[in-house]
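**Q** Structure below; questions to follow.
Every read-out reported here was derived from the displayed coordinates using simple, explicitly stated rules and does not represent laboratory data. Just so it is clear, the model here is predicted, and its values are computed rather than measured. Cβ: placed from backbone, ideal geometry, glycine included. Neighbour counts: every protein chain shown.
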Amino acid sequence: MALFIVIICCYLLTDAQIVVHSADLPREIEKLAPENNNKELDFKALKTINEDVIGWIRVDGTGINYPILQGGDNDYYLARNYKKEWATAGSVFLDYRNAADFSDLFSVLYGHRMGYGKMFSDVTKFSDRNYFDAHTGGELYVGDSKYQLRTVAFALISAVEQKVYDVEHSKNNISTVDLIFKEAKYRNNIEGDRYLLLSTCDAQDRGKRDVLLMLIGL
């Protein structure tokens, strides 16, 4: 587990174009993206490209607009793209221990912190209070269903925090949400039945993770 948490710390190599471009979506997947809430997700078409696609996440006003994958472990999509090709930027993926329909109380999404606002780079921007207050929601597409996301908290936590990253135990443990509330730099006073955590490495401390907690609602 500790080794995986260290590996997920992404590669911020803004001077290497091959790394930056590896974060780009393949054209056949990009064209299927839900656009500004005006187009529904073509989930069946995505599944024909990669059967590991389980949904799509979009956070309003950010560069976070990606399909979500789930592998048989947390290593496979660290350095593979949405077509299962080798790519330094990897993919956005759900912890393999979480339910693919996001029915758990607490679900964890991982993504590298790339340059130029790609992948989960914009999670780090929520460390600014004005940015946090200005970006309050998004959408989570799962199959034929669409859920609204609401920004709950931004926190900096240890990369080996077992109460968060031991997902087999944290996925249905309300104390995990309580911990993030306690550690939050900023938070909104809203609570619900299901939470989604976006996790990426911190820009200053590789032993820490920037995490954005969002509420999953209808």
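**Q** Rounded, prolate or oblate: which fits segment 49-154, taking a ≥ b ≥ c as square roots of the Cα gyration tensor eigenvalues, rounded meaning a/c under 1.5, else prolate when a/b beats b/c?
**A** Taking the square roots of the gyration eigenvalues as a ≥ b ≥ c, segment 49-154 is oblate.
**Q** Which of rounded, prolate or oblate describes segment 132-176 when judged by the alpha-carbon gyration tensor and an a/c cut-off of 1.5?
**A** Verdict is oblate for segment 132-176.
**Q** Grab the beta carbon distance between Lys185 and Leu218, set R0 = 45 Å, and tell me the FRET efficiency rounded to 0.05. Before the final figure, lay out each step's value.
**A** On the way: r = 28 Å, r/R0 = 0.62.
Calculated transfer efficiency: 0.95.
**Q** Which entries of Lys163/Lys185; Lys31/Lys208; Lys44/Lys146 show an alpha-carbon separation above 26 angstrom in the structure shown?
**A** Where the Cα-Cα span goes over 26 Å, the pairs concerned are Lys31/Lys208.
**Q** Further question on the same structure: Determine, for each peptide in 148-154, 186-192, the mean count of other beta carbons within 10 angstrom over its residues, then list the peptides with the highest first.
**A** Going by the mean number of other Cβ atoms within 10 Å, highest first, we get 148-154, 186-192.
**Q** Ranking request for peptides 70-77, 56-63: highest mean number of other beta-carbon atoms within 10 Å first, then the rest in descending order. Present the calculation step by step, with values, prior to reporting the outcome.
**A** Details: 70-77: 16.8, 56-63: 19.0.
Order by mean packing, descending: 56-63, 70-77.
**Q** Let me ask you something else. Computed from these coordinates, which is Rg and Dmax of the Cα atoms in Å: (i) 15.7, 42; (ii) 17.3, 56; (iii) 17.0, 50?
**A** Among (i) 15.7, 42; (ii) 17.3, 56; (iii) 17.0, 50, the one calculated here is (i).
**Q** Determine the distance separating the Cα centre of segment 22-100 from the Cα centre of segment 155-188; give it in Å without decimals.
**A** 24
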